[in-house]
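What follows is a single structure, written as structure tokens, with notes after it.
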Amino acid sequence: MFPAMIDRISPALRPPDRPAGFQRWRTLLFLHWEVPAEAIARLLPAELSVDTFEGKAWVGVVPFTMRDVAPRWSPSVPGISHFHELNVRTYVHLRGKDPGVWFFSLDAAATIAVAVARAGWHLPYHRASMKLDISGSTVDYRSKRLFPGPKPAEFEARYHIGESIGSAKPGTLTHFFAERYILYARTRSGLSLGRVHHVPYPLHEVKVESWRDGMVAAAGLPEPSGEPLALYSPGVDVDVYKLVPVV
């Protein structure tokens, strides 16, 4: 009964403390498939519960590009601060509050970024070979995990960006997918929570011409079946806040 009672608006408000860093997220494709909630629940920390929309649980695959990634005290560094990324995610809540994201994996095309994120953010980053090609409104994205495993973990998609649909309206499935401002991570001392802040995603319709996914199965989930629900965003500028322990 928790999901119907969850406050999904307050997490979008700017946190009172200073950001720990800044990022620009660009060229985001959101692909989602329905997955049995029990298949997700068995992979989550005990403190977290599966967040559902109208009783359905979801897994998402989100390929995009990171730009100008930098801590608060430093400018971005060419060759280090710009790279492609892909995450496999689901949606969770903490005892009926703080709806957020649980990452099963995050693949990135930058060795230093992977090392820093694993050490500093305790997130399951992997080094991958990635390529993004954009021609007009057509995008081709390819990713192949290099290390560490599990492998194979590969993804390909070709899609066409459509008309703008504005930002997601609260209470819709689109809002449930896109407007997430909390992430959870398992640290050495236990579960921690991190926040981000950005304007609501500007969203577009998108037509996925072809896709091949091996990322969901590599995360230990059932292979997705059927066509994914798809959204696209040109991106947002993001303030990132430090992890804090979950009390």
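Below is a table of values for the structure above.
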quantity	calculated
Some residue of segment 68-81 being in contact with a Leu (Cβ under 9 Å, 6 or more places away or on another chain), open to solvent by less than 70 Å² (accessible area, probe 1.4 Å), without any contact (Cβ under 8 Å) to a residue 40 or more places away in the chain and more than 30 Å from residue 247 (Cβ to Cβ)	no
Count of segment 209-225 residues which are out of contact with any strand residue (DSSP E or B) (no Cβ under 6 Å at 6 or more places or on another chain) and open to solvent by 30 Å² or more (accessible area, probe 1.4 Å)	5
Residue within segment 137-146 that is among the basic types (Lys, Arg), within 22 Å of residue 216 (Cβ to Cβ), open to solvent by less than 70 Å² (accessible area, probe 1.4 Å) and assigned to a strand (DSSP E or B) present	yes
When residues of segment 103-112 are limited to those that are of a type outside the set (S, T, N, Q) and either open to solvent by less than 20 Å² (accessible area, probe 1.4 Å) or assigned to a helix (DSSP H, G or I) (or both), the one farthest from residue 86 (Cα to Cα)	112
Residue that is farther than 26 Å from residue 71 by Cβ and either modelled with pLDDT under 95 or crowded, with 20+ Cβ neighbours inside 10 Å (or both), where the choices are 115, 153, 128	153
Residues of segment 1-52 that turn out to be closer than 24 Å to residue 164 by Cα, touching a helix residue (DSSP H, G or I) at 6+ places or on another chain (Cβ under 8 Å) and surrounded by 18 or more Cβ atoms within 10 Å (Cβ to Cβ), as a count	3
Complete set of residues in segment 55-67 that are more than 25 Å from residue 19 (Cα to Cα), in contact (Cβ under 8 Å) with a residue 40 or more places away in the chain and not β-branched (Val, Ile, Thr)	58, 60
Residue ID - surrounded by the fewest Cβ atoms within 10 Å (Cβ to Cβ), chosen from residues in segment 226-247 that are assigned to a strand (DSSP E or B) and charged (D, E, K, R)	237
Selection within segment 165-185 - under 21 Å from residue 244 (Cβ atoms) and among the small types (Gly, Ala, Ser)	185
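The values are calculated or read from the model by the stated rules, or taken from the named source; none is laboratory data. Computed from a predicted model, the values in this text were never measured in an experiment. Note: ideal-geometry Cβ built from the backbone for every residue, glycine included; neighbour counts use all protein chains shown. Calculation scope for accessible area: heavy atoms of the full protein, side chains included, ligands and nucleic acids excluded. Shrake-Rupley method; radii C 1.70, N 1.55, O 1.52, S 1.80 Å.
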